[in-house]
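Structure first, then comments.
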Amino acid sequence: MTPITPPDLLRTLITGDPAQLGPADLPLIRALNLGGYAFARLPLTHPLRGDLRADHMNQALRHGVIRRELRALLAAWTGTGIPVMPLKGFALAEFEYATPGERYYGDVDLLIPDDAALTARAVRLGQQLGWTTDDHHTRPRLWTHETAHLYSPSGHVRLDLHRYPVAWLIGSRAQVQALTQALWADARVHDWQGLPLHLPAPVDRALIALILNRSWGGDQGGLKPADFTDLHTLMTRHGLTDDQLAHRAAQLGASGTWAAFRRVCHPGREAYGYGPPDTRDTLMRGIDADGANTARPTRARVWRDRFLTLPALLPWLPRTLPDVLSAHRAWRTRQDPRAFLEAGPTARYAEPSPITVEHIVGAVRWWTRLLYPRQSRVGVCVPRAYATSRALRRYGFPAVFVSGVARTPGGITGHAWVETPHGPLESYGEPDAGQRFRETFRHPART
């Protein structure tokens with residue numbers, strides 16, 4: 001039997017007959033982070049619902065924890081007159097899908113007006129409630145579309161505070177500012193169980209928060225599986241039509257982008273262009289037609305953007321270098337992972353804050369880019385995971401090194417990553433690795 005492809009799986013789940021799916025499709029469902037969505041779409045008697053119930057419940061429980069911590073913060077903000085607009089994953093899970101367990105997401109994204117004093121006040125109120133910050137809000141010259149990062153008292157929530165709804169990486173700032181003003185102008189105040197939140201107009205939830213965010217932002221035309229379920233959910237829930245989206249796109253100077261997106265991502269038109277190599281080119285041509293892509297990200301531009309985050313990581317580069325070099329030797333000599341991971345110094349510090357953890361992970365990622373410039377070709381997941389795990393454990397964080405395998409069209413693929421004892425390590429950037437790869441090794445082992 002020919003393995004099902006991502007476009008075929010998306011088509012079957014969204015506009016096809018999910019009852020056709022079987023056990024062989026389970027790895028791909030989870031690899032695309034669609035477990036919770038598939039659970040809700042499958043017939044009640046379908047045998048896969050038993051396997052996917054945990055996916056749905058875990059995402060719903062995680063959303064509940066995030067929701068509780070976020071509401072306390074937003075109550076302080078809205079109570080002092082700070083307008084707040086939820087965007088992207090959290091907003092979709094909370095306000096659009098039938099149940100929050102259907103939509104996987106990572107960080108929480110909120111939009112507030114582009115005002116340095118207002119941003120500083122929002123961060124200060126958060127700190128009074130026990131949230132911590134990496135002080136990005138104190139460096140306005142480094143701001144792009146994001147102005148601040150906050151971490152909840154429990155460490156479960158990373159919040160990205162935005163001034164623009166799309167990443168300011170292409171086009172002019174005036175163009176992004178005009179887009180932001182249009183979003184605020186047509187937003188509606190929604191009573192979220194006593195908290196007044198600004199939600200985009202339904203057409204803007206689809207066009208600006210989804211389509212333009214994906215196309216004009218840092219992804220530069222790269223699609224994600226959730227784009228298809230998100231667009232279908234928004235259009236179905238709000239009765240949006242192509243004519244409405246085309247009219248709004250014309251108002252915003254985004255007709256080319258909308259037309260291109262519609263050709264590759266539009267469940268209503270059976271357009272499931274996830275994965276084919278021409279998908280990105282199609283989207284990029286649409287962006288070019290709108291004149292929004294006056295600064296297509298070259299390799300130099302990508303590195304320039306990375307350098308904007310470097311100052312915060314500088315103190316951690318020398319601190320993590322011994323771990324990186326030791327990891328390189330262990331990898332090259334095929335040393336037993338247990339011997340390597342146990343050979344490092346024991347933890348000498350109290351468990352670090354989420355910000356420190358993120359800086360350690362980021363510093364090792366920087367070293368990996370510098371020491372392995374061809375990493376995308378040769379694959380260096382093992383030394384990176386080795387170094388990250390050992391550095392984190394040395395600073396008191398209970399990191400777990402994990403490796404696994406997955407069957408792909410090209411054969412068996414191996415991978416290594418870092419988790420916490422309780423699940424994914426969000427700052428490592430691979431929250432779904434445990435679903436995409438069948439675990440073969442873990443250190444420390446489960447107790």
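Summary of values
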quantity	calculated
Solvent-accessible heavy-atom area per residue, rounded to whole Å², over the range 1-157 at 1.4 Å	42 Å²
Computed accessible area, Leu310, all protein chains, 1.4 angstrom probe, square angstrom	30 Å²
Full-extension gain in nm, Ala24 to Ala246, via 0.36 nm per residue minus C-alpha separation	76.0 nm
Under the Karplus curve 6.51 cos²θ - 1.76 cosθ + 1.60, θ = phi - 60°, whole-Hz ³J(HN,Hα) for the range 4-15, x wherever Gly or Pro sits	5, 8, x, x, 5, 5, 4, 4, 5, 5, 8, 10
Estimated inter-spin distance, Arg332 and Arg269, nm [label 7 Å along Cα→Cβ]	5.3 nm
Residues with amide H under 5 Å from that of Gly396, placed H, sequence gap 5 or more	Arg348, Tyr349
Listed residues His443, His422 arranged by accessible area, highest first, probe 1.4 Å	His422, His443
Extension gain from Ala72 to Thr413, taking 0.36 nm per residue of separation minus the Cα-Cα distance	118.4 nm
Antiparallel bridge percentage (DSSP; both residues within the chain; nearest 5)	90 percent
Average Cα contact separation per residue, the chain, under 8 Å, 6 or more apart, as relative contact order %	12 percent
Modelled FRET efficiency - R0 60 Å, Leu195 with Glu342, Cβ distances, 0.05 increments	0.80
Carbon + sulfur, % of accessible area of the chain - ligands and nucleic acids excluded, 1.4 Å	54 percent
Under the Karplus curve 6.51 cos²θ - 1.76 cosθ + 1.60, θ = phi - 60°, whole-Hz ³J(HN,Hα) for the range 132-149, x wherever Gly or Pro sits	10, 9, 8, 6, 4, 5, 8, 10, x, 5, 9, 5, 10, 7, 9, 10, 7, 10
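The values are calculated or read from the model by the stated rules, or taken from the named source; none is laboratory data. Nothing here was measured: the structure is a model prediction, and the numbers come from that model. Counting neighbours? That spans all protein chains shown, and the Cβs are built from the backbone with ideal geometry, glycine included. Surface areas here come from the heavy atoms of the whole protein model, side chains and all, with no ligands, DNA or RNA. Shrake-Rupley method; radii C 1.70, N 1.55, O 1.52, S 1.80 Å.
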